[in-house]
1. Enumerate by residue number the chymotrypsin sites (Phe, Trp or Tyr not before Pro) in segment B:46-79 meeting two conditions: DSSP loop (anything except H, G, I, E, B), and at most 14 other Cβ atoms within 10 Å of the site's Cβ.
2. When all protein chains stay in place, what accessible area (Å², nearest 10, 1.4 Å probe) is found for B:S98?
3. Between A:R73 and A:D59, what is 0.36 nm times their sequence separation minus the Cα-Cα distance? Round to one decimal in nm.
4. Using Cα springs under 10 Å in a Gaussian network model of chain B, which residue among B:P215, B:P95, B:P60 shows the largest mean-square fluctuation?
5. By how many nm would the segment from A:H209 to A:D143 grow when fully extended, if each residue of separation counts as 0.36 nm and the alpha-carbon distance is taken off?
6. Once the Cβ-Cβ distance between A:Q243 and B:L266 is put in as r, and R0 is 56 Å, what FRET efficiency do you end up with, to the nearest 0.05?
7. How much area per residue is accessible in chain A when the probe is 1.4 Å and only protein heavy atoms are counted (Å²)?
8. Excluding residues fewer than 8 places away in the same chain, name every one of the lysines whose C-alpha is closer than 18 Å to that of B:K289.
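The values are calculated or read from the model by the stated rules, or taken from the named source; none is laboratory data. The model shown is predicted, which means the values in this text are computed figures rather than measured ones. Cβ placement follows ideal geometry from the backbone for every residue including glycine, while neighbour counts extend to all protein chains displayed. Ligands, DNA and RNA are stripped out before the accessible areas are found, and what is left, the full protein with its side chains, is counted by its heavy atoms. Shrake-Rupley method; radii C 1.70, N 1.55, O 1.52, S 1.80 Å.
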Amino acid sequence: MSDHPMVKAEQVCKSFGHVEVLKGIDLEIAPREVLCIIGPSGSGKSTFLRCINHLEDVDAGKLWVDGELVGYRERGGKLHEMKERDVAAQRREIGMVFQRFNLFPHMTALENVMVAPVKVKGEKKSVVHERAMDLLKQVGLGDRGGAYPSMLSGGQQQRVAIARALAMQPKLMLFDEPTSALDPELVGDVLEVMRQLAESGMTMVVVTHEMGFAREVGDSLVFMDGGVVVEAGPPREVITNPQHKRTQAFLSKVL
Amino acid sequence: MTEPTGQARPEPIKAVPVRHPGRWVGIVVVAILTAMFLHMLLTNDAFQWQFMFDNMFSEPVLKGAWTTLWVTVVAMILGVVIGVIIAVMRLSPNPVISSAAFAYTWFFRAVPRVVLLVLFGNLGILYAEVGFGLPFGEQLLGLFGLEGSGQIFGVDANKILSGLVAGLLGLSLSEGAYMGEIVRAGIQSIDPGQAEAAQALGMGRGLTMQRIVLPQAMRVIVPPTGNETIAMLKDTALLAFVPVTNELFFQLQAIGSRTFQVFPMLVAACLWYLSMTSVLMVGQYFLEKRFARGVQGRAKEKLLKATVPTGAGIE
């Protein structure tokens with residue numbers, strides 16, 4: 001294992017127009033760590049997640065993934081914007097799961113899982129096919145590979161989306177409220193898949209409202225509000241014994 | 001489903017249906033109008049049905065119909081290609097490229113097709129010769145004190161801009177502007193989350209467009225493209241202004257004016273365009289079905305066994 005953190009954020013700031021969404025985030029995520037981010041909506045937690053794979057560019061501060069600066073290159077003390085191709089290459093190593101799944105509706109579940117390794121990495125179809133089938137089995141959908149997303153339930157779609165991200169063999173997985181758009185009885189299956197993934201040693205950053213998951217699976221917990229990290233620590237401590245007033249107020253509403 | 005205990009299933013409802021007297025009145029009115037129309041078709045001598053059928057399949061008309069058909073197909077293919085390029089350019093973050101696409105659309109939508117066709121037909125006045133070589137070759141070489149035009153090869157403009165090429169060029173350039181807007185609407189109808197998911201998987205802009213966005217946009221693009229194809233089929237009649245005479249409507253009209261039987265030939269033109277359009281509509285139906293994949297209600301689940309060996313549609 002490398003000694004540097006998987007993700008390192010240093011005073012990350014981001015504004016949309018006049019609205020300052022992130023006001024200087026400092027964070028470190030070790031390899032194999034599962035970090036959960038909680039907070040009220042509008043607190044900037046999804047934006048921070050999207051900065052990690054450069055879906056949003058950072059206005060100020062620095063972000064590293066696996067020791068590499070995200071979206072920029074440092075040369076002679078100056079930052080150079082990366083070319084689109086290099087940004088894409090960085091993203092290959094980072095899997096992302098969205099709140100609204102964003103599966104490709106014109107492809108079957110199997111095609112969804114296979115398309116990126118085949119088209120982006122140029123891997124052999126037969127190799128990818130085997131891996132894709134294994135991944136679908138792993139998320140409990142081994143027999144649904146031929147189904148189009150519209151024929152799957154929300155929970156099934158989200159599990160296909162997780163398999164799709166894993167097919168690129170990423171070293172880091174980002175989850176943006178993966179269960180928020182699901183019917184309550186479908187949440188459990190998705191969380192179970194994520195728990196298994198965490199146990200297998202994947203580094204994960206999870207923006208979530210599932211306190212149970214954060215407590216049971218998370219190695220650390222961050223509470224964000226108003227674009228800053230208000231409180232961070234081991235999940236049990238933060239949840240059962242929050243130090244900050246704002247954390248207390250938030251937790252009293254969601255627990 | 002659980003049966004309610006101790007109760008038999010209720011009888012299906014047997015009610016007296018609502019009467020629709022308006023429908024009966026409508027049927028009578030439509031029937032009378034149809035009968036009057038048919039009566040007119042059969043009794044008015046000016047239609048000259050026999051003459052029409054004898055002439056609407058004559059050699060020059062068939063040749064004209066063939067020209068109309070292939071010009072439609074080629075102009076539409078070129079138009080769609082130009083349209084996709086213009087749409088992608090228009091949505092480019094590069095302001096120069098996107099303004100260029102806007103200017104193209106602005107010009108070719110503003111100028112009527114007839115005017116455009118006459119213009120292209122007369123392009124030979126502007127250029128005696130079409131050449132390929134250094135841009136501003138003569139002036140550039142002059143700067144270095146050299147003689148010559150910098151031209152690699154050239155051809156007589158009147159030769160390449162023969163009627164058909166000029167007509168085809170005018171029609172496809174004009175079509176490209178309309179198709180550009182249709183394709184742009186299709187691209188913009190796709191949830192941005194799709195492109196985002198593709199980016200998150202490491203796909204670049206080109207691959208995202210080609211694999212993810214455009215295939216989905218096709219569902220929105222195909223129906224108006226069907227419209228455009230039908231409009232194009234009819235606009236080939238404008239080729240006469242280039243002038244191209246080897247075209248369906250011109251040929252039918254020529255027979256009409258030569259024989260002083262103008263009206264039957266106009267009816268023949270209607271029938272020709274009607275039947276050609278019907279064929280195109282069948283094609284559109286199959287295209288729409290093809291691009292409805294994954295849309296609920298239309299898609300049939302592929303059997304897993306069928307997809308396993310091929311790894312599905314990722315070509």
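1. Values: sites: B:F47, B:W49, B:F51, B:F53, B:F57, B:W66, B:W70; in loops: B:F57.
Taking segment B:46-79 and a limit of 14 other Cβ atoms within 10 Å, the loop chymotrypsin sites (Phe, Trp or Tyr not before Pro) found are B:F57.
2. Around 30 Å² of this residue is reachable by solvent.
3. Values: separation 14, 0.36 × 14 = 5.04 nm, distance 1.48 nm.
Gain on extension, A:R73 to A:D59, equals 3.6 nm.
4. Result: B:P95 has the largest fluctuation of those listed.
5. On the way: separation 66, 0.36 × 66 = 23.76 nm, distance 3.03 nm.
The span from A:H209 to A:D143 would gain 20.7 nm if fully extended.
6. About 0.05, to the nearest 0.05.
7. Numbers: 10890 Å² over 255 residues.
Computed with neighbouring chains in place, this is 43 Å² per residue.
8. Candidates past the 8-residue exclusion: B:K300, B:K302.
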